[in-house]
1. Any lysines with Cα under 28 Å of the residue 45 Cα? List them, leaving off those in the same chain fewer than 8 positions away.
2. How would you rank 164-170, 138-144, highest first, on the average number of other Cβ atoms within 10 Å across their residues?
3. Take the eigenvalues of the Cα gyration tensor for region 1-159, scale each by 5, and report the square roots as semi-axes in whole Å, largest first.
4. Label residue 217 and residue 250 with points 7 Å out from Cα along Cα→Cβ: what is the distance between them in nm?
5. Roughly what % of DSSP beta bridges within the chain run antiparallel, to the nearest 5?
6. Calculate, for residue 190 and residue 85, the FRET efficiency according to 1/(1 + (r/R0)^6) with r their C-beta to C-beta distance and R0 25 Å; round to the nearest 0.05.
7. When ranked by the protection proxy of mean other Cβ atoms within 10 Å per residue, highest first, what sequence do the peptides 258-265, 92-99, 239-246, 271-278 form?
8. Taking the Cα centre of region 67-172 as origin, sum charge times position over the Cβ atoms of Lys and Arg (+1) and Asp and Glu (-1), and report the length of that vector in debye to the nearest 20.
Amino acid sequence: RWGRAQEVYSEDPVLSGYLTFMFVDGGQVGNETKPKYWQAAACCKHYAAYDLETIPVDRYHFSAKVDARNMWETYMPVFDMCVRAANGAHVMCSYNAINGVPTCGDPKLLNGILRDQWKWPGFVVSDYDAWAQIYETHNYCPNMTCAAAVGLNAGMDQEGGGTRAINQLQAAIDSHMTSPEAVAMAFKRLFRVRLELGMHDPPTMVEWNYLTNDSIIEGKDHLALARDAARKAMTLYRNENKTLPLSKDIKKVAVIGLGASMGPLLLGNYAVPPDHGIPTILEGIQMALGEDPSKFKGQCSQWENNTDYFVSGEGGVSSWGPEDCCRLCGL
C-alpha cells in the first residue's frame with residue numbers, strides 16, 4: 001500500500017515486487033527449496049488499490065476508481081510477486097472498495113484473480129472488521145447475513161478482528177445464500193497453512209523452533225548484513241559543500257526535530273523492538289563523531305503514556321508536562 005510509508009518499499013511496482021519476493025520467500029522457507037515445514041506464513045496486504053487513510057474520505061467508505069491498465073501496471077505487480085511468485089501463505093483484503101465493490105466481497109478480485117487465474121492455494125483474511133464493513137460502511141448488503149455470504153462466496157476464509165460476519169454464516173446457509181461446502185473449503189485452506197507450519201506436530205520436529213534471537217536472528221552476522229544493506233540502500237540526493245561525511249573536528253552539531261531522540265519512531269508501527277535496542281538519530285550522530293551519548297543532558301528517548309502527540313484539526317501538538325514537551329521537541 002502507499003498510504004503508510006513504512007508499509008511499502010517504494011512507489012515503484014517493479015522494485016517493490018522484487019524486494020517483496022525476496023522477503024516473503026526467505027521468510028517462509030529460508031534457504032531451503034523444499035523444507036519439511038515453513039518458517040513463517042507471510043501475509044500479502046492490503047489487497048488492493050488501497051492508498052489512503054482519511055482524505056478525501058475515510059478508508060472504510062472509500063471506493064477507488066481504477067481502470068484496468070492502472071490496476072495491472074501499478075497496483076497488481078507487487079501482489080503478483082508476493083502471491084504467485086513467492087507463494088505467500090495468505091492475503092489480506094483491504095478496507096476500501098474498488099469501483100463500487102468492497103474488496104472483501106469481490107469475487108473477481110479474490111476467487112477470480114487469486115485462485116482461478118493465479119492458481120493460488122492460500123487463504124484470504126479480512127483487515128480488521130473489513131468483512132463486516134461490507135454491510136456496515138459500504139452498504140453493499142442490506143444486512144450482516146448477506147455480508148457473511150457475499151464475503152464467503154467471493155473467496156473470504158477468515159474474519160480479521162471480530163466475529164460479526166462469521167457469526168451470521170449459519171443464518172446465511174439456512175437462507176441458501178451460501179453453502180456448508182463453502183465453509184468447509186475455507187476451513188481447509190486455513191488448516192493447510194497450520195499443517196505447513198508444523199503446528200499440529202510435536203514442536204521438537206520443527207527445525208525453526210530451535211532458532212534463537214541472540215545466536216542467530218539477532219546475531220553478529222545478521223546485524224552486520226542488515227547494516228550493510230541499509231547503507232547500500234540509502235541515496236544521497238545532494239551533498240552541498242561536501243557536508244557529509246561529518247568531520248570529527250566539528251565542535252557543534254544542531255540536531256533538530258521531535259524525532260531526533262525517539263528510537264521507536266524509527267521502527268514505524270507494528271514492529272517489535274530488537275533485543276539490542278534502538279539507537280536514535282541523535283545517538284547515531286554522537287557515536288559517529290566519537291561522543292558518548294550518555295553525556296548528553298536532557299535527552300528524551302521514551303514515549304510518554306496518555307500523551308496526545310497529534311491533535312486532530314490542529315497544526316501543533318500537546319503534552320501533559322515539561323517532560324513530555326522535552327520528548328516532543330527532542331531537547
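1. 34, 36, 65, 108, 119, 188, 232
2. Packing order, densest peptide first, comes out as 164-170, 138-144.
3. 26, 18, 13
4. 3.6
5. Around 15 percent antiparallel, to the nearest 5.
6. Result of the calculation: an efficiency of 0.65.
7. By packing density, highest mean first, the sequence is 92-99, 258-265, 271-278, 239-246.
8. Once rounded to the nearest 20, the dipole reads 220 debye.
The values are calculated or read from the model by the stated rules, or taken from the named source; none is laboratory data. Fair warning: this is a prediction, and the values are worked out from it, not measured in the lab. No Cβ is skipped: glycine too gets one built from the backbone with ideal geometry, and neighbour counts run over all protein chains shown. The protein model used for the area step is the full one, side chains on, heavy atoms only, and it has no ligands, DNA or RNA in it. Shrake-Rupley method; radii C 1.70, N 1.55, O 1.52, S 1.80 Å.
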